[in-house]
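Single-structure report; data block below.
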């Protein structure tokens, strides 16, 4: 029988049994960077560009005290929290790297030991990890369709002939606030916003997978203790 999970096998990495898909997503966005290739440097440059774009929105709110800009920050707060999470992940990158390698080494040793009890527990909690992860990824993906189409639904032409166009973010772009510049600006915001979504989803689900990992390892420790007794 065909299983949907087989389509996602390319996300798996035998070096990281629990967190393979999460690291794939973080590597795709450049937040996880085990190498220093040209592609990785380009992704990290994009990260700093996104941070600068969001900081320009905060500066506009602070310097001009733009109430509409402040409303946008509050309305789309999860995206702004994603920037904070990504920055702290970069700040503590070495700590995260050591933790992930420590977890993965333990799991690899347990898999190589070929203990049936261990393997059953490993398989169970990794499967739970994947179900939670892919469900959350799908939820974030479909939520983005709604979020990034919302401004177009609110756009309106007033009776006096003036037009009002809405944004998701109010960061600096060198385009006019009316078409065609508006659509170029919205395209940039949509691309950057989706990248930030991947930051959020990648970081959040990595943390959840680590909690599932420790819960699973507690069961394995319980198994070891029962054998001693």
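The values are calculated or read from the model by the stated rules, or taken from the named source; none is laboratory data. As the structure is a computational prediction, the values presented were derived from the model and not from experiment. Cβ: placed from backbone, ideal geometry, glycine included. Neighbour counts: every protein chain shown.
Some points to look at:
- Selection status of residue 74, free of Cβ contacts under 8 Å to residues at least 24 places away in the same chain, crowded, with 16+ Cβ neighbours inside 10 Å and within 25 Å of the chain's Cα centre (by Cα): no
- For the range 56-72, the count of residues that are touching a helix residue (DSSP H, G or I) at 6+ places or on another chain (Cβ under 8 Å), part of a helix (DSSP H, G or I) and either closer than 21 Å to residue 203 by Cα or modelled with pLDDT of 90 or more (or both) is zero.
- Within the set 25, 7, the sole residue that is surrounded by 11 or more Cβ atoms within 10 Å (Cβ to Cβ) and either touching a strand residue (DSSP E or B) at 6+ places or on another chain (Cβ under 6 Å) or assigned to a helix (DSSP H, G or I) (or both) turns out to be 25.
- Any hit, the range 183-195, residues being closer than 30 Å to residue 17 by Cβ and modelled with pLDDT of 80 or more: yes
- Residues of the range 101-141 satisfying the condition of being in contact (Cβ under 8 Å) with a residue 60 or more places away in the chain and under 17 Å from the mean Cα position of the chain (by Cα): 129, 130, 132, 133, 134, 136, 137, 140
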